[in-house]
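Comments concern the structure below.
Read-outs throughout are calculated quantities, based only on the coordinates presented, and are distinct from any laboratory measurement. Just so it is clear, the structure is predicted and the values come from calculations on it, not from any experiment. Positions of Cβ are generated from backbone atoms using ideal geometry, with glycine treated the same way; all protein chains shown enter the neighbour counts.
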Amino acid sequence: MRLGWPVQIAGTGLGLPSRVVTNAEFERRLDTSHEWIVQRTGICERRFAEPHESTLTLATAAAREALADARLTADQIDLIICATITPDHLLPSTACELQAALGCRWIPAYDMAAACSGFVWGLILAAQHIVTRTAQNVLLIGAETLSRITDMEDRATAVLFGDGAAAAVLQPSGDPQRQILAVQLGADGGRGMLIHVPAGGSKLAASPETVASRAHYMKMQGREVYKFAVTKMQEVIQQTAEDAGVSVHDVAIIVPHQSNLRIIESACERAGVPLHKVIVNIDRYGNTSAASVPIALHEARCDGRLRRGDLVMLVAFGAGLTWGSVLLRY
Ligand SMILES: CC(C)(COP(=O)(O)OP(=O)(O)OC[C@H]1O[C@@H](n2cnc3c(N)ncnc32)[C@H](O)[C@@H]1OP(=O)(O)O)[C@@H](O)C(=O)NCCC(=O)NCCS
């Protein structure tokens with residue numbers, strides 16, 4: 001069903017750690033090679049947070065840039081949604097900490113944990129707040145420091161992930177053309193253990209044993225996730241276009257979650273999307289989970305690939321397992 005939500009992206013911003021980690025660094029420490037990593041994933045380098053950086057500091061930088069881009073001050077924001085699976089603390093939420101860091105009013109602020117689908121889900125939530133008039137100016141952030149939950153001794157995951165943040169300001173759209181046309185949201189909890197962190201939650205609280213057994217790091221069954229990702233991404237792209245009553249060929253730009261170049265290429269080809277319409281930056285950032293779609297969106301806005309009036313589709317999948325999409329006229 002075509003939605004026609006009058007919501008627009010009024011500004012975007014970026015918050016990246018300055019430390020660049022090349023594949024060569026992994027070559028020195030692990031049984032891997034630059035060639036393997038590039039061939040299997042498309043990743044050449046990623047960013048890792050320095051000790052003084054965290055999800056909050058990256059999110060704050062991204063949020064400040066997005067506010068400036070939207071020509072808003074912090075006190076004009078009505079709601080903050082922070083998509084993250086690597087919050088600074090289990091509590092309070094990073095969104096609440098961000099509210100204080102930015103100097104916002106006592107507005108509602110919450111975190112949203114849908115892993116790599118987080119920003120796309122957050123965009124749908126933000127739009128629903130705007131449409132139901134529970135907020136006017138919404139600050140949405142995707143921010144992660146995955147390096148803090150990645151096992152740097154596990155070559156199958158260590159080379160894949162990176163840190164970063166990006167933000168967007170969402171507002172009611174004055175232009176009837178600028179709207180959200182269709183969305184998809186879904187989850188398959190039955191396959192949740194394909195990507196999980198065993199310890200640190202209520203089931204297996206932190207103890208010397210959990211630390212010694214490296215149970216606070218992310219575990220992943222890569223091959224199974226790969227198959228899920230290609231199939232689901234293709235389905236979601238096609239279904240979202242169909243729901244909006246447009247052809248996949250009408251979509252000008254696809255901004256996919258950057259998990260693996262082969263996943264992106266294979267899903268887009270199967271869905272009938274030519275690769276020149278697909279925003280790819282995984283070579284420079286790796287997989288930054290909830291930050292990946294907004295980083296790519298911000299770069300596409302800045303380099304002029306995203307033009308006013310374009311049909312743009314954001315599409316993501318991730319741990320949970322979760323998936324989601326937003327088709328909007330920009
Ligand atoms: C992880 C991933 C890159 C592995 O690529 P793959 O082509 O599926 O490789 P496989 O898992 O089949 O492993 C092939 C071999 O490479 C090895 N390998 C894994 N990581 C390696 C590395 N960094 N360097 C060298 N060899 C590596 C494996 O040990 C395996 O060796 P074996 O055949 O002797 O057992 C791929 O499965 C993937 O991207 N999956 C999805 C991950 C993802 O997107 N997760 C986040 C979801 S949001």
Legend entry - 18 Å tail of the calculated P(r), region 199-326, as % of Cα pairs: 57 percent
Inset, instruction - For region 133-248, state what percent of all Cα-Cα pairs lands in each successive 5 Å bin, counting from 0 Å until the bin that includes the largest distance. - result: 2, 8, 11, 13, 17, 16, 12, 10, 6, 3, 1, 0
Legend entry - ³J(HN,Hα) computed for each position of region 18-29 - Karplus, 6.51 cos²θ - 1.76 cosθ + 1.60, integer Hz, glycine/proline x: 7, 6, 9, 10, 8, 4, 4, 4, 6, 4, 6, 10
Inset, instruction - Using a Gaussian network model of the chain whose springs link C-alpha atoms within less than 10 Å, name the residue from A165, A199, A143 with the highest mean-square fluctuation. - result: A199
Inset, instruction - For region 180-329, calculate the relative contact order in percent as a whole number, restricting contacts to Cα pairs under 8 Å that are 6 or more residues apart. - result: 36 percent
Inset, instruction - Could you give the size of the charge dipole of the chain about its Cα centre, using +1 on the Cβ of each K and R and -1 on the Cβ of each D and E, expressed in debye and rounded to the nearest 20? - result: 420 debye
Inset, instruction - Subtract the Cα-Cα distance of S247 and E27 from 0.36 nm times their separation in residues, and report this length gain in nm to one decimal. - result: 74.8 nm
Legend entry - Kirkwood hydrodynamic radius (C-alpha pairs) into Stokes-Einstein, region 59-106, 4 °C and 1.567 mPa s, D in µm²/s: 116 µm²/s
Inset, instruction - Could you sort 318-327, 231-240 so that the peptide with the highest average Cβ count within 10 Å comes first and the rest follow in order? - result: 318-327, 231-240
Inset, instruction - Taking only the C-alpha atoms, wrap a convex hull around the chain and report its volume per residue in Å³ as a whole number. - result: 129 Å³
Legend entry - Per-residue HN-Hα couplings for region 35-51 [Karplus 6.51, -1.76, 1.60; θ = phi - 60°; Hz; x = Gly/Pro]: 4, 4, 5, 5, 5, 8, 10, x, 8, 9, 8, 8, 9, 10, 5, 6, x
Inset, instruction - Work out, step by step, the length gained on full extension between A101 and V197: first 0.36 nm times the residue separation, then minus their alpha carbon distance; give nm to one decimal. - result: 31.7 nm
Legend entry - Dipole in debye (nearest 20) - region 175-254, about Cα centre, beta carbon charges: Lys, Arg +1; Asp, Glu -1: 500 debye
Legend entry - Cα-based convex hull, region 51-136, per residue volume (Å³, whole number): 99 Å³
Legend entry - Exposure proxy ranking, count of Cβ atoms within 10 Å, fewest first, for R223, R64: R223, R64
Legend entry - For the chain, built as a Gaussian network whose Cα springs stay under 10 Å, the top-fluctuating residue of C82, C44, C116: C44
Inset, instruction - Enumerate lysine pairs in the chain that are 8 or more residues apart or on different chains, then count those whose Cα atoms are under 24 Å apart. - result: 5
Legend entry - Dipole magnitude of region 180-329, debye to nearest 20 (Cβ charges: Lys/Arg +1, Asp/Glu -1, about Cα centre): 260 debye
Legend entry - Positive-end residue of C104, I282, L314, charge dipole of the chain with Cβ unit charges: L314
Legend entry - the chain: most fluctuating residue of L102, L181, L160 per GNM, C-alpha cutoff 10 Å: L102
Legend entry - P(r) weight above 13 Å for region 193-242, C-alpha pairs, percent: 65 percent
Legend entry - Separation of alpha-carbon centers, region 80-97 and region 165-243, rounded to whole Å: 16 Å
